[in-house]
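Comments concern the structure below.
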């Protein structure tokens, strides 16, 4: 009887339809599991921004939870139940946390937004102003946060770099990318979210993490890393000394966690936003990160753009770029390749919105890129072609900017002269 039952069971298995998903693993990340909505529970559903905890990755052999804020047109009272919204995942930078005002900003734009903490902590309870908006800046000071009893790794250099080797469960980059992908999976599971139209943006170390996540999670329709990029082990990056100190573990960190190792597999349309003088993510490393991406990509380089969270979420181009993929918004201008015509340079472009101005930006300074002065010269626009005088022979770095009638700016690739 046992043999008959075993035979029938085997036949049933052989003829059963195969519905199991293929296991998807990239580096240390089990994407098959990360793309499933994690368990969660609400901490607060009062006010315009709600608070929650969701399950993260194991840390030091213990389970973890991740804190996040959530806001949508529903929570801020600007939509009716039953309405669906595109979604956006918001990733803070080094020293930061989940920022309620950032989630609220995107809810005002018409998105369901989730902003998580990637340091194993939780901000103090939210304070709202008389209009019901979260008071700005209340989570910017680390003293306004506290460690979760079962939080993941903190965001210091030890957790970001020195932990490399052996078990990945104490590596901050592993946890950061995993926590973001889990937040995305959770966001997509909410009934009011249009799961087919989601995006991600992050600032500084959040831009670094955006670079990783856009290369891992192909469900996103758009990504905007601000400041953060790859090739941190090269050039003038302030992170390079910490990577070099790893010694014989240096290459392992670069292979596992520098975005340059993953960006060649990125297929998510991506807008890179940075300043010419950023000390954390230098312009040459930024251009290299842009170059290795095979898919749709654009640049917005601002002369001396300040570095920080509010300056990092301020550029309107971030919202316009994401809108163009998630809300049928008009796309940013798309520059072509720069060509030389005698004593001039030309840049072709396409734009759904009229381009009102263009400029050539260049520097002749040497030394640290973060200390260089820049000069700007106006350029002419005629029938989809920008024409400018060739940069002076001593110019070592230059690019062209285009600004449309909305005031939205994009730039050409950055040109480097030896």
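The numbers here are math on the coordinates, done by the rules we state, and not lab data. As the structure is a prediction and not an experimental result, all values here were calculated from the model. Cβ: placed from backbone, ideal geometry, glycine included. Neighbour counts: every protein chain shown.
Annotations for the structure displayed:
- Entry note, region 245-318: relative contact order of 34 percent, from Cα contacts under 8 Å with a spacing of 6+ residues.
- Value of relative contact order over region 123-245, rounded to a whole percent, pairs C-alpha under 8 Å and six or more apart: 15 percent
- Set against the labelled values (1) 20.7, 67; (2) 23.2, 92; (3) 28.4, 112, Rg and Dmax of the Cα atoms in Å computed from this structure falls on (2).
- Working from Cα pairs under 8 Å separated by at least six residues, relative contact order for the chain is 11 percent.
- Relative to the dominant Cα principal axis of the chain, helix 316-326 is inclined by about 50°.
- As a rough footprinting exposure proxy, the listed residues 109, 147, 369, 182 were ranked by other beta carbons within 10 Å of their own, and the order from fewest upward is 147, 109, 369, 182.
- For region 27-329, share of DSSP beta bridges that run antiparallel, in % to the nearest 5: 45 percent
- Principal-axis analysis of the Cα atoms of the chain puts helix 2-15 at an angle of about 20° to the longest axis.
- Counting neighbouring beta carbons within 10 Å and listing from fewest to most, the residues 324, 179 come out as 324, 179.
- Per residue, the convex hull spanned by the Cα atoms of region 336-416 measures out at 91 cubic angstrom.
- Each of 218, 125, 170, 258 was scored by other Cβ atoms within 10 Å of its Cβ. Listed from fewest to most, they are 125, 218, 170, 258.
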